[in-house]
Amino acid sequence: MSKLAIDTARSIKTPLGWTERRIILEHVTGSNLPQLLMKKTTLTPEQNQLFKTLVKKCESRIPIALVLGTTPFLDFNLKVSPWVFLPRPETEQLVESIFEKTCESPKIIMELGTGTGAISIALARKFQLAKIFAIDLSPLALRLAKKNALSLGVANRIHFIKANLFSFPQATALNSKVDLLISNPPYIPTNRLAKLPPQVRLFDPPLALDGGHDGFRILEKILDSLPYFLSEKGIAAFEIDPVLEKPLTEYQKTSKMLFETKLDSYKNLRFLFVRMQT
């Protein structure tokens, strides 16, 4: 009698945890765990071989999202590729926080460093009347983001632009008109890049990681430009890191903007929200 698919995943000899095994199993079978249990699914020989192959790839420290070529984000799936920054659960929390904080639907949204397009796509699905500018310096990232937006039916409302932060022609027309500016900027201090886990160091682009000597260099540039771009009631939202606490505290001492920080589910400093004083 053939072994049930779930038993195959449990019994295979691998250092991978159950979460990784389950994700691979669901990918191979096209069914979620409750469906596998209900149907008492068994793997075909082809599925069994594919399952083992994917497990081996994950054992070599390739991120599971890259092994599978896709990753979930909120209520949809994204295509992913090497050298395009992979969205993490913290970024989902950032988007969910924006949904909670935004009383009125923003008309103009700008995302700096769109990567896979995860954030802009999520915002386009939520705020269906918004005009969204998704900026990235990487042509590879922009191509992938456009594919994701197209497959999810929101490409017509997102303007993907190759630029370094605000250095694009349309930016001057957005003076005091951006209702929501959102970014997961690079915030790893340069001297810490070599110490990152191999799953990050070897597959995420340095451009999306390196925040300069103190990790604050890119975020500081963005904050300096906020008074020009944010609308009167606009809000800027950022994913940050505890390493930025000191330089951010110093920055606030001379800024006229209003700052609010929020901890992630692990009680680490992770999110920053900025508004103009009215």
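The values are calculated or read from the model by the stated rules, or taken from the named source; none is laboratory data. Please read all numbers here as calculations on a predicted model, not as lab measurements. Here the Cβ positions follow ideal geometry from the backbone for every residue, glycine too, while neighbour counts run over all protein chains shown.
Do you know which residues across the stretch 70-80 are in contact (Cβ under 8 Å) with a residue 12 or more places away in the chain and closer than 18 Å to ASN184 by Cα?
If the condition is that a residue be in contact (Cβ under 8 Å) with a residue 12 or more places away in the chain and closer than 18 Å to ASN184 by Cα, then THR71, PHE73, LEU74, LEU78, VAL80 are the ones that fit.
LEU226: surrounded by 13 or more Cβ atoms within 10 Å (Cβ to Cβ), within 22 Å of MET110 (Cα to Cα) and either of a type in the set (Phe, Trp, Tyr) or in contact with a Lys or Arg (Cβ under 8 Å, 6 or more places away or on another chain) (or both), yes or no?
Criteria not met by LEU226.
Determine whether the stretch 16-28 contains at least one residue that is in a loop (DSSP other than H, G, I, E, B), surrounded by 15 or more Cβ atoms within 10 Å (Cβ to Cβ) and under 25 Å from the mean Cα position of the chain (by Cα).
yes
Can you tell me which residues in the stretch 128-141 are without any contact (Cβ under 8 Å) to a residue 40 or more places away in the chain and either crowded, with 21+ Cβ neighbours inside 10 Å or hydroxyl-bearing (Ser, Thr, Tyr) (or both)?
Across the stretch 128-141, the qualifying residues are ILE132, ALA134, ILE135, ASP136.
When only residues in the stretch 153-185 that are aromatic (Phe, Trp, Tyr) and out of contact with any Lys or Arg (no Cβ under 6 Å at 6 or more places or on another chain) count, which is farthest from SER225 (Cα to Cα)?
That would be PHE168.
If you scan the stretch 81-120, which residues turn out to be surrounded by fewer than 24 Cβ atoms within 10 Å (Cβ to Cβ), free of Cβ contacts under 8 Å to residues at least 60 places away in the same chain and small (Gly, Ala, Ser)?
SER105
Filter the stretch 242-262 for residues that are among the aliphatic types (A, V, I, L, M) and assigned to a helix (DSSP H, G or I); which is farthest from the chain's Cα centre (by Cα)?
Across the stretch 242-262, the extreme among qualifying residues is LEU248.
So, LYS233, is that one in contact (Cβ under 8 Å) with a residue 40 or more places away in the chain and either assigned to a loop (DSSP other than H, G, I, E, B) or surrounded by fewer than 18 Cβ atoms within 10 Å (Cβ to Cβ) (or both) or not?
Spelling it out, LYS233 is indeed in contact (Cβ under 8 Å) with a residue 40 or more places away in the chain and either assigned to a loop (DSSP other than H, G, I, E, B) or surrounded by fewer than 18 Cβ atoms within 10 Å (Cβ to Cβ) (or both).
Hey, among ARG143, ARG88, which residue is within 19 Å of GLY69 (Cα to Cα), among the basic types (Lys, Arg) and modelled with pLDDT under 95?
Checking each option against the conditions leaves just ARG88.
Just to be sure, is SER167 without any contact (Cβ under 8 Å) to a residue 12 or more places away in the chain, in a loop (DSSP other than H, G, I, E, B) and either surrounded by fewer than 21 Cβ atoms within 10 Å (Cβ to Cβ) or outside the structural domain of ILE222 (by TED's automatic domain parsing) (or both)? Before you say what the answer is, go through the steps one by one.
Working: without any contact (Cβ under 8 Å) to a residue 12 or more places away in the chain: yes; in a loop (DSSP other than H, G, I, E, B): yes; either surrounded by fewer than 21 Cβ atoms within 10 Å (Cβ to Cβ) or outside the structural domain of ILE222 (by TED's automatic domain parsing) (or both): yes.
Criteria met by SER167.
Which residue is nearest to LEU180 (Cα to Cα), if the candidates are limited to the stretch 239-278 and must be in contact (Cβ under 8 Å) with a residue 60 or more places away in the chain and touching an Asp or Glu at 6+ places or on another chain (Cβ under 8 Å)?
Across the stretch 239-278, the extreme among qualifying residues is PHE273.
What's the number of the condition ALA173 fails, among (1) farther than 20 Å from PRO87 by Cα; (2) hydrophobic (A, V, I, L, M, F, W, C); (3) surrounded by 19 or more Cβ atoms within 10 Å (Cβ to Cβ)?
(3)
Test PRO186 against the criterion of being assigned to a loop (DSSP other than H, G, I, E, B) and not small (Gly, Ala, Ser), and give yes or no.
yes
So, in the stretch 1-53, how many residues would count as being at positive phi and in contact (Cβ under 8 Å) with a residue 24 or more places away in the chain?
The number of residues fulfilling the criteria is 1.
Just need a number here: residues in the stretch 143-164 that are closer than 21 Å to LEU74 by Cβ and surrounded by 16 or more Cβ atoms within 10 Å (Cβ to Cβ).
Residues in the stretch 143-164 being closer than 21 Å to LEU74 by Cβ and surrounded by 16 or more Cβ atoms within 10 Å (Cβ to Cβ): 12 in total.
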